[in-house]
Amino acid sequence: SYLESNYGWKVEPEWLVWLSGVVTGLNLACRIVDGGVITATPVYPPFLSAPRLSGRELSSVPLKLVDGGWRMDLDAMQAALQPDTRLWLLCHPHNPVGRAWRAEELAELSAFCQRHDLLVCSDEIHCDLIPDEARRPHPLACLDEEIARRSITLMAPSKTFNIPGLGCSFAVIPDPGLRRAFVRA
């Protein structure tokens, strides 16, 4: 009900997978793919270590600074893809650059992931920290059913409510097959 009231995202209870932390979720997501991982840099260090710890090749794409703001570079993303890339690790809002990706940016990323048949693991632990209500971030999986089907959304109350000592987070995984693979990992 929290996700529905804050984002209009109706999540079924069976979509939830409870975790000890978001970093655990990043590592599990890397373990369920048979292929490479891609992410945008600079980024929170576990995004860089999780693929390596899972025996996956990591391609990184530098964010570009345009008019004083950080942006995803679609051309660089395309160039960084390897034939075996299977997973995009997204930080939304992005840590450390502090960008909440706008709906049109998320739509471009969604189209990119669909075009290249990529799963997306989206760390959305900072999504409730809202400096500007007019630009409130919304989970990537809210865009449409297709991106939701290929998404693992990681969330936790730790940043929003300042309770990191509880060591509790969750993954929202609408697709039953993807959820089973994640739980098995």
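See the values below:
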{"read-out": "12 Å beta-carbon shell around L109, net charge (K/R +1, D/E -1)", "value": "0"}
{"read-out": "Anisotropy class of the range 59-185 from Cα gyration tensor, a/c 1.5 cut", "value": "oblate"}
{"read-out": "Beta bridges by DSSP in the chain, antiparallel share as percent, to the nearest 5", "value": "40"}
{"read-out": "Kirkwood Rh in Å, taken over all unlike Cα pairs in the range 50-118", "value": "13.1"}
{"read-out": "Cα-centre dipole for the range 1-128 with unit charges at Cβ (Lys and Arg positive, Asp and Glu negative), debye to 20", "value": "300"}
{"read-out": "Cα gyration tensor shape for the range 1-73, rounded if a/c is under 1.5, else prolate or oblate", "value": "oblate"}
{"read-out": "Calculated FRET efficiency for the pair R52/F161, C-beta based, R₀ 30 Å, to 0.05", "value": "0.45"}
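Rule-based calculations on the coordinates, nothing more; no lab input. What you see is a predicted model; the values in this text were computed from it and never measured. All Cβ positions, glycine included, derive from the backbone under ideal geometry; neighbour counts span all protein chains shown.
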